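A quick write-up on the structure given underneath.
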Amino acid sequence: MISIHNVSKSYHQQNIAYQAISNVTLNVNKGEIHGIIGASGAGKSTLLRLMNLLEVPDAGEVLINNQELTKLRGRSLRKARQTIGMIFQHFNLVANKTVYNNVLVSLELANYPKKDRRARVTECLKFVGLETHADKYPAQLSGGQKQRVAIARALANQPEVLLCDEPTSALDPNTTAEILEVLQTINQQLGVTIVIVSHEMEVIKSICNRVSVMEKGQIFDTVNIMPKGFTTPDKNPQWFVDQLTKAGDLHHA
Ligand SMILES: Nc1ncnc2c1ncn2[C@@H]1O[C@H](COP(=O)(O)OP(=O)(O)OP(=O)(O)O)[C@@H](O)[C@H]1O
């Protein structure tokens, strides 16, 4: 599905080159949820951004469905990129557009048939459970709801791959579980291949079936794992109290 061959990427700052990715080769198989984990600065986000050419590699090849992205330019690159959706830690929504229009933008950019746009936006918002929030603005939403809008926007053009850059790192544990559940449903019901970068071990262990561990711009190892699932979100205030007091080292005021 995604093949990265001998890819390298360096950043240049004040004439000093920093090698963020060194000669990485990686295959992400169709239908899997592939995690990328490692210490801060290991190169996780850079590797993810190389997969849709948000970062252009200095060397090596990036292929999606055997099509070499690194050889495409202009219109054909834009078309190939439509098979890849992406979501981010801080959602990247347009603040002065409604939820509906945030999703619509991605259809407009892809020249989606005009007559079908309304139905497609509504379908995507329904999928993430936000159809009643279409006229709200991002500032009126919770973090989890913002990430759902970003997911709806990423799904609008029916991508085959969804790249997720720290998708839950700005969210509390309960909202994290809700978003992981949405991602798992996208994988299972829509057959979308998912690549998820996270520094949170629990997040990676919960839904991934293959994980690459990065260190200093390289892949240290790739392992197959059995996703261990996530606990159902519990919003009951007593649950928070129990979590705080169960170790016995805190007392009620
Ligand atoms: N646009 C940039 N310009 C200069 N250096 C960059 C840029 N983006 C990343 N880097 C550097 O490349 C290295 C890898 O960064 P990257 O964000 O890919 O790591 P990461 O593993 O995702 O880290 P984190 O978990 O902290 O986000 C870091 O040392 C970072 O400072």
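Each value in this text was obtained by applying a stated rule to the coordinates, not by laboratory testing. The structure displayed is predicted, hence computed values, not measured ones. Heads up, the Cβs are rebuilt from the backbone with ideal geometry, glycines too, and the neighbour counts pull from every protein chain shown.
If I take every Cα pair under 8 Å that is 6 or more residues apart in region 1-138, average their sequence separation and divide by the length, what percent do I get for the relative contact order? Working shown, then result.
Details: 160 pairs, mean separation 29.1, N = 138.
This gives 21 percent for region 1-138.
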Inset, instruction - Have a look at S40, S76, S206 and tell me which one the Gaussian network model of the chain (Cα, springs below 10 Å) gives the largest fluctuation. - result: S76
Legend entry - Charge dipole magnitude, Cβ of K and R +1, D and E -1 - region 97-206, Cα centre, debye nearest 20: 600
Inset, instruction - May I have the convex hull volume per residue, in Å³, for the Cα set of region 1-43? - result: 76
Inset, instruction - Go through region 6-56 and name the trypsin sites (Lys or Arg not before Pro) that are in a DSSP coil and have 12 or fewer other Cβ atoms within 10 Å of their Cβ. - result: K30
Legend entry - Dipole-positive endmost among A154, P227, W239 within region 125-253 (Cβ charges, Cα centre): A154
Inset, instruction - Please work out the Kirkwood hydrodynamic radius for region 112-208, using every pair of different C-alpha atoms, and report it in angstroms with one decimal place. - result: 14.0
Inset, instruction - Compute the Rg to Rh ratio over region 104-151 from the alpha carbon atoms, using the Kirkwood formula for Rh, and round to two decimal places. - result: 0.98
Inset, instruction - Quick one: go through region 1-16 and flag any residue whose amide nitrogen is under 16 Å from the point 7 Å out along the Cα-to-Cβ line of V56. - result: 8-12
Inset, instruction - In nm, give the distance between the simple-model label positions of A134 and K97, each being 7 Å from the Cα along the Cα-to-Cβ direction. - result: 1.6
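Expressed as cubic angstrom per residue, what is the convex hull volume of the alpha carbon set of region 77-167?
Values: hull volume 8.1 nm³, N = 91.
Hull volume normalised by residue count: 89 Å³.
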Legend entry - Average Cα contact separation per residue, the chain, under 8 Å, 6 or more apart, as relative contact order %: 26
Legend entry - Anisotropy class of region 1-79 from Cα gyration tensor, a/c 1.5 cut: oblate
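What is the Cα radius of gyration of the chain over 2.2 N^0.38 Å, N being its residue count?
Working: Rg = 19.4 Å, N = 253, 2.2 N^0.38 = 18.0 Å.
In units of the 2.2 N^0.38 Å rule of thumb, it is 1.07.
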Legend entry - Given charges at beta-carbon only (K, R positive; D, E negative), |dipole| of the chain in Debye: 1080
